[in-house]
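Below you'll find the structure, written out as structure tokens, and then a few comments.
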């Protein structure tokens, strides 16, 4: 048959046989109850496969899809990524295995064309790779049980999300000099994390990490977005505006700040969120805000 696109959703399929559709390029079978695909070896033209929201338990059933570029397996029952070890998926660029039961990040180093990888909301406790993934730009490992993160495996990373793990150590941040967005919200006590190596990033999310002192926070000249909520901040450094002079969005909610005068010289600031601090004088706040010429959003709830 000459079908190139098939959308089959919400009909509670348990198994599917499409091996005769040799020209098929796009297949969406999301939101069924599929546990298995019959032989897919003849689907040499398939480029996009969405099998999210099913009951799939293994990646090995997708081994023989040499032209596959995008694979979505979110919300399934996958525990291991070992089925990706084979070289027949070497063209894969986008892989989403979020909301599964994966316990270790392994095997994806064979996917050297991988650009975007989402393994958020799993049970991963470790990263066990054997070589770098040089093209990977977007990495999401949030909502797992990782205790450490080694950036050396992802030298081309631009966006890294590690929220809601139990990370205490972060290694080799010098290996990701092109990172533009880095998120490490709500971790355990980080005692091996050198913030200075992220000073070229544009967006930084560090809420939920005790940040009582800002000794590592300087020379963030490219930083546009900073989130430091629930960080146990008592005060801002007097030279804060010199450390991050180009900030346009700043979120400092749920801290213990009483004085925001160090923000006065931030000429590019457009959004300032200060919920749940100890600010007592509206006059002091006004005296700062009137100098922020580009400010359009001020939230003091």
Under the rule rounded for a/c under 1.5, else prolate if a/b exceeds b/c, else oblate, using alpha carbon gyration tensor axes a ≥ b ≥ c, region 75-182 is classed as oblate
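What percent antiparallel are the DSSP beta bridges of region 200-301, to the nearest 5?
Values: 0 of 12 bridges.
DSSP beta bridges in region 200-301 are roughly 0 percent antiparallel.
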The chain: C-alpha gyration tensor shape, a/c 1.5 cut-off, then a/b vs b/c | prolate
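Restricting to Cα pairs below 8 Å that are 6+ residues apart, what does the relative contact order work out to for region 117-165? Please round to a whole percent.
Working: 90 pairs, mean separation 20.9, N = 49.
RCO, region 117-165: 43 percent.
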Contact order relative to length of the chain, as percent, for alpha carbon pairs under 8 angstrom and 6 or more apart | 7 percent
Based on other C-beta atoms within 10 Å, arrange 293, 109, 22 from fewest to most.
-> 293, 22, 109
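How high is the FRET efficiency between residue 221 and residue 166 when r is their beta carbon distance and R₀ equals 22 Å, given to the nearest 0.05? Spell out each step's value before the answer.
On the way: r = 32 Å, r/R0 = 1.46.
Once the sixth-power term is evaluated, E becomes 0.10.
Return the FRET efficiency for the residue pair residue 202, residue 79: r is the Cβ-Cβ distance, R0 is 51 Å, and the value is rounded to the nearest 0.05.
0.90
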Sorting 222, 201 on the 10 Å Cβ count, fewest up front, what's the list?
-> 222, 201
Going out from 0 in 5 Å bins, what whole percent of all Cα-Cα distances in region 94-251 drops into each bin?
-> 2, 9, 18, 23, 21, 13, 8, 5, 2, 0
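With the Cα gyration tensor of region 237-301 giving a ≥ b ≥ c as the square roots of its eigenvalues, does the rule (a/c under 1.5 for rounded; else a/b larger than b/c for prolate; else oblate) give rounded, prolate or oblate?
Working: a/c = 1.40, a/b = 1.32, b/c = 1.07.
Because its axes are fairly even, with a/c under 1.5, region 237-301 counts as rounded.
Which whole-number percent gives the relative contact order of region 23-140, counting Cα pairs below 8 Å spaced six or more residues apart? Mind showing how you got there, number by number?
Working: 307 pairs, mean separation 22.1, N = 118.
Rounded, it is 19 percent for region 23-140.
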Would you order 289, 296 from fewest to most other beta-carbon atoms within 10 Å of each residue's own beta-carbon?
-> 296, 289
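How much length is gained if the chain between residue 286 and residue 45 is pulled fully straight, taking 0.36 nm per residue apart and subtracting their Cα-Cα distance, in nm to one decimal? Intermediate results must be reported in sequence, preceding the final value.
Numbers: separation 241, 0.36 × 241 = 86.76 nm, distance 6.22 nm.
Value of the extension gain: 80.5 nm.
Each value in this text was obtained by applying a stated rule to the coordinates, not by laboratory testing. Every value quoted in this text rests on a predicted model; they were computed, and no experiment measured them. Cβ sites come from the backbone with ideal geometry, for glycine too, and all protein chains shown count toward neighbours.
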